[in-house]
Amino acid sequence: MSRRAMGQPRRITDSFPRRLRRRGSGRPPGRLKDKKDKDKDKVQVKGRDCPRSPSQPPPDPALLEMLRRFDLSWEYGPCTGITRLQRWERAQELGLSPPGPVRDALLEHRDNPDVTYSLWHDYEL
């Protein structure tokens, strides 16, 4: 029975033909990838330019949580491609009142890349 016959409104997906799903692996028939092909398909992830030195202790989890919340707060603007301090300063210049403790932590741990860079620093626009 159609949606219209049941008194329900039409949906955009109603205009597309329905296809029956194949049972099985969901993979179309053909040759499987060789192990050599899998290595070619791997995506290389860009690493940070300045890794943490072995003598540097890991930052406090509470500090990282505060910085993660700052990263996820879109009210201070986008954070891709810039450091957290640059983002904080830009938000301050725009009058968005970013949290002071974030700036203090960023200045205190300036040499630590886990603190300096946002979660999305490695992504380029």
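The values are calculated or read from the model by the stated rules, or taken from the named source; none is laboratory data. These numbers were taken from a predicted model, which means no experiment stands behind them. With ideal geometry, Cβ positions are generated from the backbone for all residues, glycine too; neighbour counts draw on all protein chains shown. Heads up: the accessible areas ignore ligands, DNA and RNA and are worked out on the full protein's heavy atoms, side chains in. Shrake-Rupley method; radii C 1.70, N 1.55, O 1.52, S 1.80 Å.
Odds and ends about this structure:
- Of the residues contained in region 95-102, none is found to be outside any loop (DSSP other than H, G, I, E, B), open to solvent by less than 80 Å² (accessible area, probe 1.4 Å) and at pLDDT below 95.
- Residues that are assigned to a loop (DSSP other than H, G, I, E, B) and over 21 Å from the mean Cα position of the chain (by Cα), drawn from region 73-94: LEU94
- Every test in (1) touching a Leu at 6+ places or on another chain (Cβ under 7 Å); (2) under 19 Å from PRO58 (Cβ atoms); (3) modelled with pLDDT of 95 or more is passed by LEU107 save one, and that test is (1).
- Filtering region 83-109 to residues that are in contact with a strand residue (DSSP E or B) (Cβ under 9 Å, 6 or more places away or on another chain) and among the β-branched types (Val, Ile, Thr) leaves only THR83.
- Contact annotation: residue pairs with Cβ atoms under 7 Å, 6 or more positions apart or on different chains, pairing a residue in region 88-101 that is over 18 Å from TYR117 (Cβ atoms) with a partner that is loosely packed, with under 11 Cβ neighbours inside 10 Å and not basic (Lys, Arg), are LEU96/GLU75.
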